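Since the structure comes first, as structure tokens, the remarks are kept for the end.
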Amino acid sequence: MISKLVLPEIEELIDKRKFAELKRSFDSLEIPDVAELISELTEDKQALFFRFMPTQLATEVFEYLEPEEQYSVIENLNKEKVAEILNEMYSDTRTELLEEVPPQIAKQLISVLKSDERQTAIMLLGYPEDSVGRLINTDYLAIPKNLSVGETLAYIRKHGHESETINVLYVIDEKGKLIDDLKLRDLIFAEPEEKIENLIDANFISLSVLDDKEHAVNIFKKYDRVALPVTDSQNVLLGILTIDDILDVAEEEATEDIQKFGGSESLETSYASASLFEMVKKRAVWLSLLFIGEMITASAMAFFED
């Protein structure tokens with residue numbers, strides 16, 4: 001509904017190159033609504049939007065586009081703007097994009113990343129496809145246990161904007177191992193001089209980086225969390241997994257189950273974008289099994305009738 005109401009105005013501002021006014025027009029909209037608008041534009045107008053909007057806004061909107069739309073935008077931007085957006089993206093969303101594009105394109109995109117971001121991207125892509133490692137976000141707040149509450153709050157004010165969520169902080173030791181998680185509300189009600197180590201009880205829930213995605217969905221359901229820490233085999237904190245990624249996984253699993261009920265292997269794309277050959281191929285195995293089963297049933301019936 002929003003796109004139908006203001007899309008003509010957005011197109012007019014882009015055509016007239018009034019990008020400052022365009023940015024102000026988005027101030028009253030949520031980022032998902034802006035992304036919905038941008039997805040309705042033609043490719044050339046999308047490219048102009050991402051080329052001339054501030055990097056932070058462009059990145060936030062870009063992250064809400066579908067991977068195929070992101071790929072289309074990237075194809076129409078210069079290398080410098082692509083680098084700005086990719087380096088600002090959350091690691092989990094960027095990994096999803098790198099999974100979807102052709103391998104050669106993925107290599108090119110990784111090459112424009114900063115050194116630390118490049119290492120993160122390669123690390124996440126190195127985990128098994130169905131593992132939690134492909135979903136983790138490396139932008140989180142981790143604090144040492146020897147800080148005071150006041151020092152921790154100051155740290156949050158300085159670095160919190162870099163994290164996807166600040167509802168929960170993660171307490172680590174000098175080797176980066178996870179000790180506990182701490183809710184922000186616990187800090188707010190604590191005295192500024194209180195040490196973090198006095199607020200923790202070492203009772204926390206975490207995921208292994210090699211855990212199956214389906215297992216992660218069940219853990220989120222069981223403990224009703226919005227984010228969970230992800231560790232390696234040595235309990236070193238690697239990142240966090242947030243509820244938005246888990247909802248996507250749950251939706252994919254539900255879609256796969258529905259497709260199987262319909263006598264088809266799960267599709268990697270939507271029905272609308274899947275080719276006829278792909279649809280036939282996915283159903284072929286199931287139809288063959290049904291045919292063989294029918295033959296066996298018919299033979300058995302004939303045998304017993306005799």
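Summed over the residues of the range 41-147 and divided among them, the accessible surface reaches 47 Å² per residue at a probe radius of 1.4 Å. For the range 50-124, the share of accessible area belonging to carbon and sulfur comes to 47 percent (1.4 Å probe, ligands and nucleic acids excluded). Taking label positions 7 Å along the Cα-Cβ direction at both residue 114 and residue 193, the computed distance is 3.9 nm, reported to one decimal.
One decimal place: the segment residue 27-residue 222 gains 66.5 nm when fully extended, by the rule 0.36 nm per residue minus the C-alpha distance. In a DSSP loop and with at most 12 other Cβ atoms within 10 Å, the GluC sites (Glu not before Pro) in the range 167-221 are 174, 193. Per-residue packing, averaged as other Cβ atoms within 10 Å, sorts the ranges 154-163, 35-44, 130-139 into the order 130-139, 35-44, 154-163, beginning with the highest. Between the residues 54, 29, 41, the greatest Cα displacement towards the positive end of the dipole of the range 1-147, with unit charges on the Cβ of Lys, Arg, Asp and Glu, is found for 54. Computed extension length for residue 184-residue 236: 16.6 nm, one decimal, from 0.36 nm per residue of separation with the Cα-Cα distance subtracted. When only alpha carbons are used to place a centre, the range 61-90 and the range 113-184 end up 24 Å from one another.
Between residue 154 and residue 254, the modelled labels are 4.7 nm apart [label points 7 Å from Cα along Cα→Cβ].
Using R0 = 22 Å, the C-beta based FRET efficiency linking residue 66 and residue 42 works out to 0.85. Residues whose amide H falls under 5 Å from that of residue 238, counting only those 5 or more places apart or on a different chain, are 230, 231, 232, with hydrogens built in the peptide plane.
The values are calculated or read from the model by the stated rules, or taken from the named source; none is laboratory data. Just so it is clear, the structure is predicted and the values come from calculations on it, not from any experiment. No Cβ is skipped: glycine too gets one built from the backbone with ideal geometry, and neighbour counts run over all protein chains shown. Just the protein is used for accessible areas: all its heavy atoms, side chains included, with ligands, DNA and RNA removed. Shrake-Rupley method; radii C 1.70, N 1.55, O 1.52, S 1.80 Å.
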